[in-house]
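Chemist: Pasting a structure here, questions to come.
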Amino acid sequence: MRKLLRGMIIYFFVLVVPLVCTASICTAQVPKMIALTFDDGPTPEYTERILDILKQKGIKATFFVTGKNASAYPDVVRKIVADGHVIGNHSYSHANFQRLTDEQVFNEILGTQQVIYQITGHSPKFVRYPLGFETPAAQKATRELGLTGSVGWHWGQDVHDDDWMCKGVDPTLRFTKSATQDGAILLVHDANEVTRCPDQLAWLGQYIDWARQHGFIFGLLRTAEAPNKINMNTWVNVVPDSQAQRWNE
Ligand SMILES: [Zn+2]
């Protein structure tokens with residue numbers, strides 16, 4: 001009986017699995033996932049151009065907004081949400097948390113939660129600290145407010161072509177492609193420096209097409225059960241839209 005069972009198991013793995021996998025079903029069942037995250041906005045025009053491209057391509061993304069920009073451009077925040085994207089907390093004033101008191105750090109995170117709640121009726125689930133700088137006070141505030149963060153990202157090899165450097169379409173494509181791997185969170189921007197090189201935004205549509213041709217689908221974020229090595233050991237995974245956490249509720 002045990003021999004028969006062992007025989008059946010060997011038959012399954014040696015014959016059936018390769019047959020099924022050559023029919024591309026195995027790869028089709030486990031698509032590679034990537035998440036786009038846009039930091040520092042929203043800004044009028046530039047963020048809206050990004051929303052147009054994402055809508056045209058049928059993709060959802062996460063926007064880590066500052067409380068300051070969200071309160072200056074509430075209509076853009078509402079448009080982000082209406083289009084089905086996710087809003088994350090990127091502090092109120094984009095200050096370096098390492099230079100603030102514990103109370104100031106708490107207020108940077110809480111103030112942004114409040115602004116976004118006033119605009120959308122919901123509180124974000126995810127926080128990304130400005131410049132990614134962790135501090136004990138930021139971690140404490142994140143815990144006390146029931147948030148997940150700081151949300152990291154995956155560095156590409158061509159970091160010298162980061163989008164905010166405004167080097168143009170091709171360097172930005174090199175940078176984003178080099179940061180692309182299964183489970184990676186991509187960090188790009190929709191405010192500050194990039195608004196000075198508006199033509200560069202042509203990278204986005206080209207990148208989405210390239211990633212899809214290479215078997216990637218675009219996902220959103222979910223709190224992980226363990227640190228995610230791909231994204232700076234932060235506790236966040238990339239998941240399909242249907243499994244994403246959109247708000248802190
Ligand atoms: Zn930032």
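The values are calculated or read from the model by the stated rules, or taken from the named source; none is laboratory data. What you are looking at is a predicted structure, and each value in this text was computed from that prediction instead of being measured. Ideal geometry is used to build each Cβ from the backbone, glycine not excepted, and the neighbour counts take in all protein chains shown.
Chemist: If you go through region 177-198 one residue at a time, do you hit one that is more than 16 Å from the ligand (Cβ to nearest atom), outside any helix (DSSP H, G or I), under 24 Å from residue 122 (Cβ atoms) and not aromatic (Phe, Trp, Tyr)?
Modeler: Among the residues of region 177-198, not one is more than 16 Å from the ligand (Cβ to nearest atom), outside any helix (DSSP H, G or I), under 24 Å from residue 122 (Cβ atoms) and not aromatic (Phe, Trp, Tyr), which makes the answer no.
Chemist: For the structure I just gave you, tell me whether residue 225 is loosely packed, with under 14 Cβ neighbours inside 10 Å, out of contact with any Ser or Thr (no Cβ under 7 Å at 6 or more places or on another chain) and assigned to a strand (DSSP E or B).
Modeler: For residue 225, the condition - loosely packed, with under 14 Cβ neighbours inside 10 Å, out of contact with any Ser or Thr (no Cβ under 7 Å at 6 or more places or on another chain) and assigned to a strand (DSSP E or B) - is met.
Chemist: Which one is nearest to residue 60 (Cα to Cα), of the residues in region 75-130 that are away from the ligand (no atom under 16 Å from the Cβ) and among the basic types (Lys, Arg)?
Modeler: 79
Chemist: Scan region 209-241 residue by residue and report those that are in contact (Cβ under 8 Å) with a residue 12 or more places away in the chain and basic (Lys, Arg).
Modeler: Matches in region 209-241: 222 only.
Chemist: Oh, and also: Do any residues in region 30-42 that are modelled with pLDDT under 95 have Cβ atoms under 6 Å from those of residues that are not basic (Lys, Arg), where the two are at least six apart or on different chains, and which pairs are they?
Modeler: What qualifies is 31/217.
Matching residues to (1) surrounded by 17 or more Cβ atoms within 10 Å (Cβ to Cβ); (2) outside the structural domain of residue 235 (by TED's automatic domain parsing); (3) within 16 Å of residue 46 (Cα to Cα); (4) touching a helix residue (DSSP H, G or I) at 6+ places or on another chain (Cβ under 6 Å):
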residue: 156; (1), (2), (3), (4): yes, no, no, yes
residue: 160; (1), (2), (3), (4): no, no, no, no
residue: 178; (1), (2), (3), (4): no, no, no, no
residue: 196; (1), (2), (3), (4): no, no, yes, no
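Chemist: Please specify each residue of region 57-66 satisfying the condition of being within 16 Å of the ligand (Cβ to nearest atom) and in contact with a strand residue (DSSP E or B) (Cβ under 8 Å, 6 or more places away or on another chain).
Modeler: Listed by number, the residues that qualify are 61, 62, 63, 64, 65.
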